[in-house]
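What follows draws every value from the coordinates through simple rules; no lab data is involved. Computed from a prediction, not measured in an experiment: that's the story for all the values here. Counting neighbours? That spans all protein chains shown, and the Cβs are built from the backbone with ideal geometry, glycine included.
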Amino acid sequence: MPAQPRDFDIVLWGASGFTGSLVAEYLATVPGLRWAIAGRNPAKLAGVARGLEALVPGFDPTALPVIEASIDNPESLSRLAQSARVVLSTVGPYALYGTELLRACAESGTDYCDLTGEVQWIHRMVAAFDATAKRSGARIVHCCGFDSVPFDMGVWYLQQALAERGNPVATEVRGVVRRMRGAMSGGTYASLMNAVEEATVDPAVRRIGSNANALLPPELGASRDRAALGLGFEPALGLWTAPFVMATINTKVLRRSNALMGFPWGRDFRYEESMATGKGLGGRLRAWMVTAGLGAFMAAASFGPTRALLTRLLPAPGEGPDRAARERGSYSVDFIASGKTPGSAALIANVSASLDPGYASTSRMIAECALCLAQDNVPAPGGSWTPSSCMGAQLLPRLEARAGLRFSVRAPS
């Protein structure tokens, strides 16, 4: 938290976007919070404030400050950053729109959190601004939405549960998405398409995307982490599995978390991630279909003309489901601590929520990450962090009490 007084606890950048508007609605319910919304179009932001009056009982839109700033005006971003304890950004693709705001926060000693899952951009930001953030005291925390809070905090929670039971830490964890009802946001798709486009023209970006250690400081060694690449079977659950589209970012985040915490899970810690497709022949067939479908999607995204077509067909940034659809969504993820024999389990943790993962749950998770940085005694110093490595012990109760996440453990059957 910045040492000098700031006008606001949180400044929300991107409130006029779909996910940003959900974050604004959530922050408007927090008693006593000093917050503001910021962007390049004050009139549009004022409309967001007026819209909150109908959504949040007792909310006064005239009491919500609006800050005008633009990524084309570094001085305006610097003033924005200097006014806040925490800047919360929902504006992606971050590789296109996020760098100058992050720079301003790192230089101003302002804590920062975002929703990015863009590995190539995170890699560049760590290289460019980690040293600056360490000097200024700014905590830079990426991946504060569905990618990757449930996964990052799920493994952290599992390791804590093992320690509390007197068990050794798990040097190998397997994450399995048991259920996911809901959609990725239009911003997530836009970020994915931008990352694929970068990779098609830049071999360095392709290497970052395929490297399990891409978010790991080179001096801290190598990793065997990987995403599931094809059809598989999880013996501890008796379920067939297929690749999970977000595994490529989540596996890298977990590797970085372990390194930033000083390798409490061992230097050879391994994390793999997949999604369940069911039991028996039907589950195996669905696993094959999902694997083939994801492969076809990525192939189409990698080719310019078909990528352009996909971009027109997929949800656009600023679009999203209505409230009823968001509240019908849900997800459930198991985290399996490997036992002494191959395929066995020592303990299984579960993270679940009865909310759409890409919108309703994401907006709550990033809001609580920002509130945690602004209000709690988070001991992490300045630098580039993951959610669990920066604020795991402080964040978990917030996620359970306010963000709708449920954490539990069970013995293997």
Let me know the volume per residue of the alpha-carbon convex hull for the stretch 263-328, in Å³.
-> 235
P(r) for the chain: what percent of alpha-carbon pairs falls in each 10 Å bin, starting at zero?
-> 5, 23, 34, 26, 11, 2, 0
In deg cm²/dmol, rounded to 500, what helix-only [θ] at 222 nm does the chain give when every DSSP H run of at least 4 residues adds -39500 (n - 2.57) and the total is split over its residues?
-> -14000 deg cm²/dmol
For the V56, T341 Cβ pair and Förster radius 45 Å, calculated FRET efficiency rounded to 0.05 is 0.25
Considering only N258, A401, A161, whose Cα is most displaced toward the positive end of the charge dipole of the chain, charges sitting on Cβ of Lys, Arg (+1) and Asp, Glu (-1)?
-> A161
Taking the simple approach of a point 7 Å from Cα along Cα-to-Cβ for both E75 and R40, what is their distance in nm?
-> 1.8
Which pairs, out of K134/K252; K279/K340; K44/K252, put more than 30 Å between their alpha-carbon atoms?
-> K44/K252
Rounded to one decimal in Å, the inverse mean reciprocal Cα-Cα distance for the stretch 328-413, i.e. its Kirkwood radius, is 14.5
Amide H contacts under 5 Å for W385, restricted to residues at least 5 apart in sequence or on another chain and with H modeled in the peptide plane, are I140, V141, H142
Any chance you could tell me what percent of the C-alpha pair distances in the stretch 37-137 go past 24 Å?
-> 27
Would you please give the residues with an amide H less than 5 Å from that of G137, counting only those at least 5 places away or on a separate chain, with H modeled from the backbone geometry?
-> G382
Note, the stretch 201-208: 3J(HN,Hα) by Karplus (6.51, -1.76, 1.60, θ = phi - 60°), whole Hz, Gly/Pro = x, goes 10, 10, x, 5, 5, 4, 5, 4
Which whole-angstrom value gives the distance between the alpha carbon centres of the stretch 22-37 and the stretch 346-408?
-> 17
Can you give the extra length, in nm with one decimal, that the chain gains between Y97 and L294 once fully stretched, where that is 0.36 nm per residue apart less the Cα-Cα distance?
-> 68.2 nm
Residue separation times 0.36 nm, minus the C-alpha to C-alpha distance between S413 and E68: what's the value?
-> 118.6 nm
Calculate, in whole percent, how much of the Cα-Cα pair population of the stretch 44-96 lies beyond 15 Å.
-> 61
Mind giving me the FRET efficiency for D322 and A127? R0 is 45 Å, r the Cβ-Cβ distance, nearest 0.05 is fine.
-> 0.65
Highest first, please rank the peptides 348-361, 130-143, 370-383 by the mean number of other Cβ atoms sitting within 10 Å of their residues.
-> 348-361, 130-143, 370-383
